[in-house]
Amino acid sequence: MKDKSLESSETFGFCKLDNTSKVVFQNKISKKVCGEKESETCHICSDILLADDEKNEGVFNNKKIQINDTFCNATLLKENEQSSIIFYPKTTTQEHEIFLAAYRLTPREKEIATLLLSGKSNAEIIQSLYISKDTLKTHLSTLYKKIPSLKNYRFE
C-alpha cells in the first residue's frame, strides 16, 4: 500500500524493498536521486543492506552515504521480510560548498551550482542573481560540462 505522505514528501527519500532487494515502492525524492527502480533491484539500497552487520529487525540510524552525487544521511528499517531506507539529502549551503570544492569553478559558477543543488528553478536563479536567461544558459552549459551529474538537478 502506498502512503500518500511518503509519496509526496519533498524532504526525504523513501524506498521499500522486498526480501530479494527489489523495490516495491519509492517516492519522488528517491526516484530523483536513484532513478526509477520499482520492480527492479536497487543496487544503492542493496549496498546499504549488505553493509549492515545486524541481522535483527529494528531501526539502524545515521548511515552516511553518497548516492550518485547526492550526500545523504540514511536510516535503515527492517521489519518482517521487508526493509525500508529513508534518506535525507543534505541541502545546506555548506555541504554544497564541500561537494563543489572538488571542481574548479568560478565564484559565479559556485553560486549558480549551489542554487541549483538547493532546488531553485532557472527563473528563481535569474531573479535571485539579477542575470539574463542567456547568461544563465551560458553558465549552466559550462557547469554541465564540468559536473555532468548537475544535469539531474534541472528545474526549468
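The values are calculated or read from the model by the stated rules, or taken from the named source; none is laboratory data. Treat the numbers as computed from the prediction; the structure is a model and nothing was measured. Note that we place each Cβ from the backbone using ideal geometry, even for glycine, and neighbour counts take in every protein chain shown.
Enumerate the pairs (first residue in region 31-56 and more than 22 Å from K151 (Cβ to Cβ); second residue anywhere and modelled with pLDDT of 85 or more and among the polar types (S, T, N, Q)) with beta-carbon separation below 7 Å, excluding pairs fewer than 6 apart on the same chain, so at least 6 apart or on different chains.
If the second residue must be modelled with pLDDT of 85 or more and among the polar types (S, T, N, Q), the pairs left are E38/Q26.
If we keep just the residues of region 110-156 that are among the charged types (D, E, K, R) and within 14 Å of H96 (Cβ to Cβ), which is modelled with the lowest pLDDT? Steps first, answer last, please.
Initially, region 110-156 is screened for residues among the charged types (D, E, K, R), giving 110-111, 120, 124, 133-134, 137, 145-146, 151, 154, 156.
Add one more test, that the residue is within 14 Å of H96 (Cβ to Cβ), and what stays is 110-111, 120.
On the way: K110: 89, E111: 89, K120: 81.
Here the residue is K120.
Return the pairs, sorted by first residue and then second, in which the second residue is among the aromatic types (F, W, Y), the first residue lies in region 109-133 and is under 24 Å from V33 (Cβ atoms), the beta carbons are less than 7 Å apart, and the residues are 6+ apart or on different chains.
Listed by first residue and then by second, the contacts come to L116/Y153; L117/Y153; G119/F155; K120/F155; S121/F155; N122/F155.
Do any strands (runs of 3 or more DSSP E) entirely within region 1-81 hold 1 or more residues that are in contact with a strand residue (DSSP E or B) (Cβ under 6 Å, 6 or more places away or on another chain), modelled with pLDDT under 65 and surrounded by 10 or more Cβ atoms within 10 Å (Cβ to Cβ), and if so, which? If you could, list the steps in order and put the result at the bottom.
Values: elements: 13-17, 23-26, 58-67, 70-79.
Strands (runs of 3 or more DSSP E) meeting the threshold: 58-67.
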